[in-house]
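Data first, discussion second: the structure below is written as structure tokens.
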Amino acid sequence: MKRLSAPRLNQLVARVPGRDIPIVMPETAQSDPGLAVCLAWQPFGSRAGLSVLFQLDERLAAAVAQAREPMLAQVRLAWWRERLSEIASNPASGEPLLARVSETWGPSGGRLAALVDGWEHLVGEPSLSTEDMTAFATGRAEALRAFANHAGAGADADAAASIGRAWAFADLAVRASDEAERKMARSLGSAETVALPRSRRLRGVAVLGGLSARALLRGEPIMEGRGAAAAAMRLGLFGR
């Protein structure tokens, strides 16, 4: 991967969360243990929608990480953007993940194309700029904003967007290939104001927000270090 370290990405995926988390991971849990914990706290009725969002983000990350040439990554991202734009008129698809987007999100699944827009800014020249990082964060922010509306918590859409930005910067702060870029991502993320949603319909998103803010403060992945499991439990129970 040009800008994000593929070995580091693999380490993040393989890491196991703290064994003191007294919750059962849902069937829709992700390979990233931090996101799996967030899903476990998301109310069942909208959990599948959040899971699909995370799965799509992970697929796009792989498209960027595994492409040998930037042009190949661009082609893959363009394919996803086009397919997502067609979901409202053509929900049927031979791609299982697209089918799940259609099943869980319906016509509004096209709004997840914001993730594609964000990942596209991590393809190109080796140097990752502030503008690229910010655009990537905006992609995740708009995807979580769309999820808040999808989950019936539109009043908390701005809070969900702030969490999307924090999640993006926290991710880059540990996954960017260059130390200077990691420091820049952490600085940008630390300057963000993370607003935790009030609605219980976004409890899993609140967990993601709190863990992302904690990760930026500590310079660690969102479920690493002592106290991560306890922080997830507190956020899951009280949303704060």
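The values are calculated or read from the model by the stated rules, or taken from the named source; none is laboratory data. Quantities reported herein were computed from a predicted structural model and do not represent experimental measurements. For neighbour counting, all protein chains shown are included, and Cβ atoms are generated from backbone atoms with ideal geometry for every residue, glycine included.
Observations on the structure shown:
- Of all residues in the range 217-238, none are outside any helix (DSSP H, G or I) and at pLDDT 90 or above.
- Scanning the range 187-205 for residues that are under 15 Å from residue 132 (Cα atoms) and within 16 Å of the chain's Cα centre (by Cα) yields a single hit, 189.
- Residue within the range 101-109 that is outside any helix (DSSP H, G or I), touching a residue at least 12 places away in the same chain (Cβ under 8 Å) and of a type outside the set (Gly, Ala, Ser) present: no
- Here residue 192 clears all of (1) modelled with pLDDT of 95 or more; (2) surrounded by fewer than 24 Cβ atoms within 10 Å (Cβ to Cβ) except the condition numbered (1).
- Beta carbons closer than 7 Å, at least 6 apart along the sequence or on distinct chains, pair a first residue in the range 68-83 that is within 15 Å of residue 119 (Cβ to Cβ) with a second that is acidic (Asp, Glu) and modelled with pLDDT of 90 or more for 77/120.
- Of the residues examined, residue 75 is not one that is over 19 Å from residue 212 (Cβ atoms) and at pLDDT 95 or above.
- In this structure, residue 173 qualifies as of a type in the set (A, V, I, L, M), closer than 28 Å to residue 123 by Cβ, crowded, with 24+ Cβ neighbours inside 10 Å and in contact (Cβ under 8 Å) with a residue 12 or more places away in the chain.
- Condition met for residue 168 (part of a helix (DSSP H, G or I) and either of a type outside the set (Gly, Ala, Ser) or surrounded by 24 or more Cβ atoms within 10 Å (Cβ to Cβ) (or both)): yes
- Residue among 225, 209 that alone is in contact with a Ser or Thr (Cβ under 8 Å, 6 or more places away or on another chain) and either hydrophobic (A, V, I, L, M, F, W, C) or without any contact (Cβ under 8 Å) to a residue 60 or more places away in the chain (or both): 209
- Which listed residue, of 155, 206, 185, 148, is touching a strand residue (DSSP E or B) at 6+ places or on another chain (Cβ under 9 Å), of a type in the set (A, V, I, L, M) and either assigned to a helix (DSSP H, G or I) or surrounded by 23 or more Cβ atoms within 10 Å (Cβ to Cβ) (or both): 185
- Within the set 110, 106, the sole residue that is farther than 23 Å from residue 37 by Cα, out of contact with any helix residue (DSSP H, G or I) (no Cβ under 7 Å at 6 or more places or on another chain) and modelled with pLDDT of 90 or more turns out to be 106.
- Total residues in the range 115-141, condition surrounded by fewer than 22 Cβ atoms within 10 Å (Cβ to Cβ), part of a helix (DSSP H, G or I) and either over 16 Å from the mean Cα position of the chain (by Cα) or free of Cβ contacts under 8 Å to residues at least 40 places away in the same chain (or both): 6
- For the range 42-94, the tally of residues that are within 22 Å of residue 148 (Cβ to Cβ), over 19 Å from the mean Cα position of the chain (by Cα) and surrounded by fewer than 22 Cβ atoms within 10 Å (Cβ to Cβ) stands at 3.
- Enumeration of residues in the range 188-203 that are part of a loop (DSSP other than H, G, I, E, B), under 21 Å from residue 36 (Cβ atoms) and among the aliphatic types (A, V, I, L, M): 194, 196
- Remark: residue 212 matches the filter, which requires a residue to be polar (S, T, N, Q), part of a helix (DSSP H, G or I) and surrounded by 22 or more Cβ atoms within 10 Å (Cβ to Cβ).
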